[in-house]
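The values are calculated or read from the model by the stated rules, or taken from the named source; none is laboratory data. Values in this document were obtained by computation on a predicted structure and should not be read as measured data. With ideal geometry, Cβ positions are generated from the backbone for all residues, glycine too; neighbour counts draw on all protein chains shown.
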Amino acid sequence: MRRRDFLFAAVGSAGLLGASGLLDRASAYASILAEASAHVYTRRNVYCLTATSPEIMAYKKAIGLMRALPATNAVSWLAQANIHGAFGPPARMIANACQHNQTFFLSWHRMYVYFFERIVRKQFGTSSFALPYWGYAPAGRRDLPPMFRTPTAGNALYDGTRSAAINAGTPITASLVDSGAALAQTSFWNFTNTLNGTPHGAVHIACGGNMTQFATAGQDPIFWLHHCNIDRLWEVWLDSGGGRVDPTGDNTWMTTSFDFYDENGATVSLTGAQVVDIACQLRYQYENSLCGRRVVLDPDWWKHLTSLRLPAAAVTAKLDTLGRRPALPDSVLVAQSLAALRLGGKPVETTLPITDEGKARIAALERDPQGGARIDLVLDGVTVDGTPAAAYEIYIDLPAGAAADYRGPHFVGILNLFGASTRDAHQDKREAQIVPLTLAFLQLRAARLWSEDSVRVTFVPRGLTEGADPAKRLGAATPVTIGRVTVVVR
Ligand SMILES: [Cu+2]
């Protein structure tokens with residue numbers, strides 16, 4: 001296990017830190033280490049596995065058995081998918097409970113995947129079972145893992161509702177799986193809002209079929225691996241440091257409780273405070289995504305330590321201020337579109353004049369970027385007719401004639417079309433997409449690329465998979481509507 005996890009596990013289970021904060025009593029730690037290693041399940045990158053890996057065999061078998069159970073059985077495949085979203089679920093079952101808002105998106109899905117994994121392990125899998133994660137990355141692989149796309153009879157991992165291109169192994173378009181914009185954020189709320197759209201929503205849409213709607217997403221076996229990866233990215237973000245911390249000062253986030261079914265079908269609940277440490281509280285961890293290059297743990301590593309200290313309270317307090325900002329203070333409107341936008345196969349640009357008060361607020365934010373204010377782009381009333389046929393990259397103040405490059409400073413995310421289909425029964429459950437702009441603002445401002453008088457927002461269509469051409473696919477059709485585009489300072 002990683003040193004950080006071990007440290008947490010050790011501190012959590014024995015509280016052996018001396019008054020000096022120095023870790024000592026090495027032999028006690030060695031036994032805790034052995035104990036902890038034996039009870040922490042490791043989630044591995046699916047690209048490191050094959051169709052005959054134990055995790056994959058167990059998962060496949062479990063899906064078959066779970067699908068054979070009625071939806072009234074809490075550990076059935078449908079009952080588990082229905083917790084996320086459902087068309088007409090059985091009475092008195094937990095259903096339609098998914099949280100896609102900025103407060104509970106990450107913690108709710110962590111709990112959901114955690115109990116699902118326990119069900120597979122206890123009821124249908126093996127005692128060492130851990131869900132693999134779909135570790136797509138721009139530099140690595142972006143295709144649907146091969147064992148999920150073999151349409152042979154009896155392959156429970158195959159889902160025929162997905163797009164033909166995805167089931168053929170065509171790589172997802174690079175900007176859709178890129179977590180760079182999310183990981184660059186330092187406050188939890190900016191991170192979760194950015195991640196929710198990209199790669200989370202973008203990958204749902206790229207898969208097509210069941211994955212595009214709240215009510216059916218959990219029925220595609222790849223859903224659980226996708227959410228494992230979203231959960232892993234939360235850990236990657238925390239490990240990046242630089243003030244990235246969980247909102248443990250937010251009472252609502254910490255104490256709101258959600259219901260699920262455990263491995264025996266009993267109703268259980270968890271709060272945010274109970275899921276902040278995956279190794280210590282939930283007994284799982286993520287293997288890094290480098291296949292075959294596992295870090296071999298030296299059982300005597302602690303003998304080489306001279307000192308290992310936890311950060312001093314003063315340092316921790318300073319780090320925490322970034323992540324512990326209030327969640328949603330009152331916002332001030334900076335700029336607003338006057339009419340709904342229709343998006344199709346060609347780029348669409350809208351220029352929003354900045355109000356006088358908006359200019360003053362932005363100037364104040366620039367003078368004191370650590371002061372807690374933030375700029376957000378808010379996209380309300382986003383709908384798509386039918387199944388999305390393209391993705392839309394969002395750019396801020398992209399200069400006329402400049403190439404739209406998602407790796408550049410103007411890119412802020414992908415328009416989130418997950419659950420936006422007018423066919424989705426839970427379309428009304430959707431909330432506005434919040435695209436954090438503070439980081440882009442500071443970067444563009446430093447490069448003198450931020451416009452004083454207006455915010456220009458450009459939506460650039462991209463194929464969902466490599467080689468797909470939205471202009472050709474959509475022609476003159478404009479199936480996507482954005483009801484309102486606003487920029488606010490909070
Ligand atoms: Cu999702």
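What to note about this one:
- The set of residues in segment 383-405 being small (Gly, Ala, Ser) and in a strand (DSSP E or B) consists of 391 alone.
- Elements of the type helices (runs of 4 or more DSSP H) sitting completely within segment 234-328 and holding at least 1 residues that are modelled with pLDDT of 50 or more: these cover 251-255, 278-281.
- Search result, residues across segment 47-101 that are of a type in the set (A, V, I, L, M), away from the ligand (no atom under 16 Å from the Cβ), in a loop (DSSP other than H, G, I, E, B) and in contact (Cβ under 8 Å) with a residue 60 or more places away in the chain: 49, 51, 74, 75, 94
- Condition met for residue 389 (under 15 Å from residue 459 (Cα atoms), at pLDDT 90 or above, surrounded by 17 or more Cβ atoms within 10 Å (Cβ to Cβ) and over 21 Å from the mean Cα position of the chain (by Cα)): yes
- Those strands (runs of 3 or more DSSP E) lying entirely in segment 407-482 with at least 1 residues at positive phi and either more than 26 Å from the chain's Cα centre (by Cα) or outside the structural domain of residue 183 (by TED's automatic domain parsing) (or both): 411-414
- Against the list (1) more than 12 Å from the ligand (Cβ to nearest atom); (2) among the hydroxyl-bearing types (Ser, Thr, Tyr); (3) more than 30 Å from residue 489 (Cβ to Cβ), the condition residue 194 fails is (3).
- Taken over segment 196-223, the residue count meeting the criterion of being in contact with a strand residue (DSSP E or B) (Cβ under 9 Å, 6 or more places away or on another chain) and in a helix (DSSP H, G or I) is 11.
- Here 368, 385 are screened, and the one residue that is farther than 27 Å from residue 207 by Cβ and acidic (Asp, Glu) is 368.
- Boolean, residue 206 is touching a helix residue (DSSP H, G or I) at 6+ places or on another chain (Cβ under 7 Å) and buried (at least 24 other Cβ atoms within 10 Å of the Cβ): yes
- Residues that are away from the ligand (no atom under 16 Å from the Cβ) and more than 26 Å from residue 61 (Cβ to Cβ) are absent from segment 222-234 altogether.
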